[in-house]
Structure formats: C-alpha cells, structure tokens
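Okay, so here's the structure we're looking at.
Every read-out reported here was derived from the displayed coordinates using simple, explicitly stated rules and does not represent laboratory data. Everything quoted here is computed from the prediction, not taken from an experiment. Reconstructed Cβ throughout: ideal geometry from the backbone, glycine too, with neighbour counts over all protein chains shown.
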Amino acid sequence: MAYSSRGDGPPVLLIMGLGLGRWAWARQVPPLSRRFRVITYDHRGTGESEASPPGYGIEDLAADALGLLDALGIARTHVVGLSMGGQIAQVLAGGRPSRVERLVLCATSPGGPGAVHPDPALWGEFLDITRMPTDRGAEVSLRLVFGREFRDRDPRTAALVARAYRENLPSPETVAAQGLACERFDGAALAARITVPTLVVHGTADVLVHPDNARLLASLIPGATLLLYEGAGHGLIIEQARRFNRDVAAFLGSGGREATAGGRAGG
C-alpha cells in the first residue's frame, strides 16, 4: 500500500473517498502537519497502490487501513474520513474503538435503508466518469462534486481540480468495485456503537451524499457534533478548505470545544 507521512505530533489518518488517491488531501496535509503527524494513503487500485479483484467491501478497506497502522506501529490515531473514507472510518471507530482517538466524518453516510441514497441516474453518471472523454468527465465531476456557489466564485480552481480528479481516477473496474462497496454498506448499527468524540461535517449543497445523511449520523452517534457548511458541495474540503482545516484542527486538538467556530452547528 502506498502512503505518505508528514509532520510530528499526535497521528491523524486521513481516509479519502471513492476513486481518489492521497493526492486529493493536498489542501489539508500542509496546515494539519504543523500540529499533527498526518498519514495519507492510496486505497487498493487507486494512486500507487496495487489493485485487487472486485468483491471487497468497506470492511475489507477498513482492514487495509488497520494494516497500515500496524505496519507503522501506531496503536491509536485520530481518523478523518471523507465520503467512502467516512464509511471506512465508521467501521474503524465502531469496530475497533481502541484504535481511534477522535473521529471526523465528512460528506458521508451510514448507508442502509435509513440513509438518503443518491438519485440512481446521477450516481450512475458519477461512476461512469472514468469511461468518458477527459473533457466530458471533467465537466461532469465539476457539476457533481462542487456546489454552484464555489463554481461561480472560483471557476478556474474548480475546473482545475475537476480535471485533475478526472485525470487521476483509477480504472473503471476499481471505481465500480468501490461504488458497489459503498452501495452495500449498512453501518447504522455500527454508528450507534461509536463512543469516541465525533465531528460530522457536511455541505448543504452536496448532491452526491445528501446532507440528511449527516443529520442521521449525528443522531446515531452518541454525543456527536454536527457542522453544516452552507452552500458547500461534496468537495467541501476544497471549497471551504481553510474553514474545514481550522475546524478539524480545533476539534482534534481541543476535544471539539472550538469546532463550531467555522460553520453552522446543528441541524
């Protein structure tokens, strides 16, 4: 498994979403590594990590993350998970609580029948991006990943990131395998067993993972703090990077006492 480690201090494992490599944390690693040891990695078949046959689930991807922590000799870490990475993080925190210090769940869902699932046509378009011509794939990812507010405010950055996203996607087979893992995930019972301090962060304009999933997660996880970023889409770690980094650093560093400073708390 390909990984990177930067900085000193308490460890923080950043777990990326479907189809994305560790490069996508580029706006988080430099500021967070000033206070923490920041660890990022590529999922199987993504970035520089080798692919594996399809049929794996979120639990298998969580086992990959645990294997990395074991290899690095890290017994306990903060965990920040985005989208599919948030589902992996739920498995870690709910199933192996002794390994997780504090938890941040971003733009993600507990899955299962109680969750709000994306429109099938929209989800299918998202999973099909790897099969599209580069320009068309970049246009679709731009529309699905970012909120309109960000696209209007900073169209050049949004377009550059969307194109980089399209150009760095893994094979269609890997995207399909990870998409199926997300579709099959049902973590509601697991979320209810999470006891570590948890921050749930979501954009109100997310069309891939509806913000009601954040509200559901916050209601399932005892004592969880909910932050909603008004107008942000699924790519809120880029759209509101400064705010997100500040909120995450405050939560991990202070137990969440300052975490509501950067966004709107509550439902």
Among Ala115, Ala164, Ala181, whose mean-square fluctuation peaks in a Gaussian network model of the chain (Cα, cutoff 10 Å)? Ala164
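Taking the Cβ of Ala224 as the center, what net charge do the other residues with Cβ under 13 Å away carry, scoring Lys and Arg +1 and Asp and Glu -1?
Around Ala224, the surrounding residues sum to +3.
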Relative to the Cα centre, what is the charge dipole magnitude of the range 1-94, using +1 at the beta carbon of each Lys and Arg, -1 at the beta carbon of each Asp and Glu, and rounding to the nearest 20 debye? 520
Under Karplus coefficients 6.51, -1.76 and 1.60, residue-wise ³J(HN,Hα) of the range 166-176 in Hz, glycine/proline x: 5, 6, 9, 5, x, 5, x, 5, 5, 4, 5
Hand me the trypsin sites (Lys or Arg not before Pro) from the range 173-230 located in a DSSP loop with no more than 11 other Cβ atoms within 10 Å, in residue order please. none
Could you let me know the centre-to-centre spacing of the range 167-201 and the range 1-74, using Cα atoms, in angstrom? 14
Determine the sum of side-chain charges near Val140: Lys and Arg each +1, Asp and Glu each -1, restricted to other residues whose C-beta is under 9 angstrom from that of Val140. 0
Measuring from its Cα centre, the chain shows a charge dipole (+1 at each Lys and Arg Cβ, -1 at each Asp and Glu Cβ) which, in debye to the nearest 20, is 900
Would you kindly calculate the mean projected area, averaged across all directions, of the convex hull enclosing the Cα atoms of the chain, in square nanometres? 12.2
For the range 3-265, build the charge dipole from Cβ charges (+1 Lys, Arg; -1 Asp, Glu) around the Cα centre, then report which of Gly55, Val161, Leu32 sits farthest towards its positive end. Leu32
With θ taken as phi - 60° and the coefficients 6.51, -1.76 and 1.60, list the Karplus ³J(HN,Hα) couplings across the range 115-122 in order, rounded to whole Hz; mark glycine and proline as x. 7, 8, 8, x, 4, x, 5, 5
If we count every other residue with Cβ under 13 angstrom of Thr46's Cβ, Lys/Arg +1 and Asp/Glu -1, where does the sum land? -3
